[in-house]
Amino acid sequence: MIELRHIHYFVAAVEQGSFRKAARLLNIQESAVSRRIRDLEDRLGASLFHRHSGGVALTVAGQRFLRRVRIALQQIEDGINDVAAIGRSEDGMVKIGIFSSLASGFMFDLLKTFDEKHPRVSVELIEGNPAVHVAAIRQLQLDVALITGTGDWPGCETEQLWTEGVFAVLPTEHGLAKKQKVRWRDLAEETFIVSDGAPGPEIRDYLVQRLADLGRHPNIHPQYVGRDVLLSMVAVGRGLTVVSEAATGAQFPGIVYRQIVDEVLPFSAIWSRKNDNPACRRFLSLARTLSRSASAAITRLNGASETTASPSQSLDLSP
């Protein structure tokens, strides 16, 4: 069997012009080089070198073998570099399931920073509801999902990364548009519209749960449209909807966003413990780093607000 070291001995002998110099370069005995090249020639059934007192020179067979060997060694080196780059997450792909908007907020910053740090890693974003994402993660068809909630998913790892406020989307002429913030009781009698596709069904369940706490059964109409068209329908008065804070970065004519008081939505990363994709590990590591930085910034901001606030400066959010 021809071993890779035999090939390296052969190339070293060619480049040095003698077995003695090749042995010195490889830091082995000259007899080892001579013996292994002889084994190689026996295996190939052809002489590779003319041996003379001044060193060695390639035969015709040796010249042809050298051309092939150099190509093979280059391919091996390229393969090693490719795999090493993947291990360092310089190359590769990470598939991410998303549920929230990318218009602004933590997810926008996370993806932007990851792209800056790992420009040669391809990122594929896939929209869908949490159940579909988790099923894909379990089958290793998806690397990580960024979804709402903090629940446990069997067979998956979960880690909360950030939170967002929840906003009602209103027509600019709506009476509640005059308020800076709104409460659920302000919305109890309103008609809501949601998309039929993700995240519409989850938003519907969310509205039902929140308004049921007020003893109301919300009037919710599913629409077979995407998010952009849905917001346009809000603008023309077909109904209200709700979005997470990140979505408020997208501005549309005819609508306003009003934060719902005391409503916070947690977002978590979910991935499979069986996933060995280095790019996924780097993505999760960056997500944790940004999450800690964001939490620290919020803590500092809250501390500064408590220190400087006075009754005359407090903002009245009452309806």
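Observations, loosely collected:
- Exclusive hit being under 26 Å from the mean Cα position of the chain (by Cα) and over 30 Å from N277 (Cα atoms), set G149, G175, G155, G165: G165
- Selection count where residues are in contact with a strand residue (DSSP E or B) (Cβ under 8 Å, 6 or more places away or on another chain), of a type in the set (A, V, I, L, M, F, W, C) and under 22 Å from R120 (Cβ atoms), scope the stretch 267-289: 6
- Evaluating V56 against the criteria (1) surrounded by 13 or more Cβ atoms within 10 Å (Cβ to Cβ); (2) out of contact with any Lys or Arg (no Cβ under 9 Å at 6 or more places or on another chain); (3) in a helix (DSSP H, G or I) leaves one unmet condition, (3).
- Candidates L176, L125, L161, L170, filtered to the one that is closer than 29 Å to V256 by Cβ, free of Cβ contacts under 8 Å to residues at least 60 places away in the same chain and among the hydrophobic types (A, V, I, L, M, F, W, C): L125
- Among the residues of the stretch 70-84, those identified as under 30 Å from the mean Cα position of the chain (by Cα) and of a type in the set (V, I, T) are I76, I80, V83.
- Residues (part of a strand (DSSP E or B) and either surrounded by fewer than 15 Cβ atoms within 10 Å (Cβ to Cβ) or among the β-branched types (V, I, T) (or both)) located in the stretch 227-255: T241, V242, V243, I255
- All conditions but one from (1) among the aromatic types (F, W, Y); (2) modelled with pLDDT under 90; (3) surrounded by 19 or more Cβ atoms within 10 Å (Cβ to Cβ) apply to Y206; the one that does not is (3).
- Filter pass, D78 being surrounded by 13 or more Cβ atoms within 10 Å (Cβ to Cβ) and either modelled with pLDDT under 95 or outside any strand (DSSP E or B) (or both): no
- Selection status of I147, in a helix (DSSP H, G or I), of a type in the set (A, V, I, L, M, F, W, C) and surrounded by 20 or more Cβ atoms within 10 Å (Cβ to Cβ): no
- The single residue among R51, R38, R24 that is part of a strand (DSSP E or B), surrounded by fewer than 17 Cβ atoms within 10 Å (Cβ to Cβ) and either modelled with pLDDT under 95 or in contact with a Cys (Cβ under 7 Å, 6 or more places away or on another chain) (or both) turns out to be R51.
- The number of residues in the stretch 171-203 that are surrounded by 19 or more Cβ atoms within 10 Å (Cβ to Cβ) and of a type in the set (S, T, Y) comes to 1.
- A count restricted to the stretch 162-192 and to residues that are aliphatic (A, V, I, L, M), assigned to a strand (DSSP E or B) and modelled with pLDDT under 95 stands at 1.
- Residues (buried (at least 17 other Cβ atoms within 10 Å of the Cβ) and part of a helix (DSSP H, G or I)) located in the stretch 209-226: R210, L211
- A residue that is among the charged types (D, E, K, R) and closer than 30 Å to D115 by Cβ cannot be found anywhere in the stretch 64-76.
- Members of the stretch 158-169 found to be touching a helix residue (DSSP H, G or I) at 6+ places or on another chain (Cβ under 9 Å) and not hydrophobic (A, V, I, L, M, F, W, C), listed by number: E159, Q160, T163, E164, G165
- Taking first residues from the stretch 1-25 that are closer than 16 Å to G62 by Cα and assigned by TED's automatic domain parsing to the domain that holds S53 and partners that are in a helix (DSSP H, G or I) and aromatic (F, W, Y), the Cβ contacts under 6 Å between residues at least 6 apart in sequence or on separate chains come to A13/F19.
- Among the candidates V264, V243, V256, residue that is in contact with a strand residue (DSSP E or B) (Cβ under 6 Å, 6 or more places away or on another chain) and more than 26 Å from A131 (Cα to Cα): V256
- Residues that are in a helix (DSSP H, G or I) and more than 30 Å from Y257 (Cα to Cα) were ranked within the stretch 130-144; the one that is nearest to the chain's Cα centre (by Cα) is I137.
- For the stretch 223-279, filtered to residues that are in contact with a Gly (Cβ under 6 Å, 6 or more places away or on another chain) and farther than 30 Å from Q139 by Cβ, the residue that is modelled with the lowest pLDDT is E245.
The values are calculated or read from the model by the stated rules, or taken from the named source; none is laboratory data. If you're wondering where the values come from, they're calculated on a predicted model, not measured in any experiment. Neighbour counts run over all protein chains shown; Cβ positions are idealised from the backbone, glycine included.
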